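Input: a single structure, listed below in structure tokens.
The values are calculated or read from the model by the stated rules, or taken from the named source; none is laboratory data. Because the structure is predicted, anything quoted here is derived from the model rather than measured. Note that each Cβ is placed from the backbone with ideal geometry, even for glycine, and that neighbours are counted across all protein chains shown.
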């Protein structure tokens, strides 16, 4: 067990060093993400106009939602994981994992965790710089049950994020190019994951339907918990159960694709 943990700790360390090399890029991405907040601020200010509430939420609550959304994206978003896996499959770099006692999923997940540690910390820099300008427009609920539920929600959201990216990467065993599929998934995630607008603004029947899909639990669910857009404690446990179901289904699907993909894989050279 200790030797197994040491293997993936080493992978995490290598991934951490690799991502620290590009820390300036991540920092720039973080600052530009907050330029997006300026657009959000302008658009939603116009949407609210003189009215104090939209769907029962103030402008401060809606703006807080988008700030939290960007932070969570940097903390758990699977940036380019699918493309990296695809490249390793298409270029034959994956062959080394077939000859060594290394679980490829655990290796890639270790790299993912190291990258999220770097981006999660770096996003705090522009946040701290801009906080004096943002604080009067932010409001965070104080109920303790929200944060108790948000922790497992964030963990499972990270598993869903990585699991979906892993599954798309595995498709490279069958397809030479997965970019179109990834772009389609990102478009669905943007709309059904609450990245363009909070999903509670949807008609009730459509909101209920979206709550049964995995995209709902990638970003919207933990962010809505933290920022108060989900305010009924009785809904949290059923949603956590649905989120657990999707995380399990996606991770199992990734393992099935891996095993079946290996049957098609031909390693040439040494």
Residues of segment 187-206 satisfying the condition of being surrounded by 14 or more Cβ atoms within 10 Å (Cβ to Cβ) and closer than 18 Å to residue 242 by Cα: 189, 192, 193, 194, 199, 200
Among (1) within 24 Å of residue 231 (Cα to Cα); (2) modelled with pLDDT under 85; (3) crowded, with 16+ Cβ neighbours inside 10 Å, the one test that residue 59 misses: (2)
Whichever residue in segment 137-189 is without any contact (Cβ under 8 Å) to a residue 24 or more places away in the chain, in a helix (DSSP H, G or I) and farther than 30 Å from residue 263 by Cα and, among such residues, is farthest from the chain's Cα centre (by Cα): 144
Test for residue 114: is it in contact with a helix residue (DSSP H, G or I) (Cβ under 6 Å, 6 or more places away or on another chain) and modelled with pLDDT of 80 or more: yes
Odd one out for residue 162, checked against (1) under 13 Å from residue 82 (Cα atoms); (2) surrounded by fewer than 21 Cβ atoms within 10 Å (Cβ to Cβ): (2)
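Each row is one residue, and each column tells you yes or no for (1) free of Cβ contacts under 8 Å to residues at least 40 places away in the same chain; (2) over 15 Å from the mean Cα position of the chain (by Cα).
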{"site": "195", "(1), (2)": "no, no"}
{"site": "198", "(1), (2)": "no, yes"}
{"site": "204", "(1), (2)": "yes, yes"}
{"site": "208", "(1), (2)": "yes, yes"}
{"site": "215", "(1), (2)": "yes, no"}
{"site": "219", "(1), (2)": "no, no"}
{"site": "222", "(1), (2)": "no, no"}
{"site": "228", "(1), (2)": "no, yes"}
{"site": "232", "(1), (2)": "yes, yes"}
Tally of residues being assigned to a helix (DSSP H, G or I) and within 19 Å of residue 236 (Cβ to Cβ) across segment 190-208: 5
Those residues of segment 83-113 which are closer than 19 Å to residue 264 by Cα and outside any loop (DSSP other than H, G, I, E, B), in sequence order: 85, 86, 87, 88, 89, 90, 95, 96, 97, 98, 104, 105
Residue in segment 48-55 that is surrounded by fewer than 20 Cβ atoms within 10 Å (Cβ to Cβ), out of contact with any strand residue (DSSP E or B) (no Cβ under 9 Å at 6 or more places or on another chain) and part of a helix (DSSP H, G or I) present: no
Residue count for segment 225-236, restricted to those that are touching a helix residue (DSSP H, G or I) at 6+ places or on another chain (Cβ under 8 Å) and assigned to a helix (DSSP H, G or I): 5
Whichever residue in segment 59-111 is without any contact (Cβ under 8 Å) to a residue 40 or more places away in the chain and touching a helix residue (DSSP H, G or I) at 6+ places or on another chain (Cβ under 6 Å) and, among such residues, is farthest from residue 196 (Cα to Cα): 97
Matching entry among 110, 114, 86 (being surrounded by 15 or more Cβ atoms within 10 Å (Cβ to Cβ) and more than 17 Å from the chain's Cα centre (by Cα)): 86
Residue within segment 247-265 that is touching a residue at least 40 places away in the same chain (Cβ under 8 Å), more than 26 Å from residue 141 (Cβ to Cβ) and not in a helix (DSSP H, G or I) present: yes
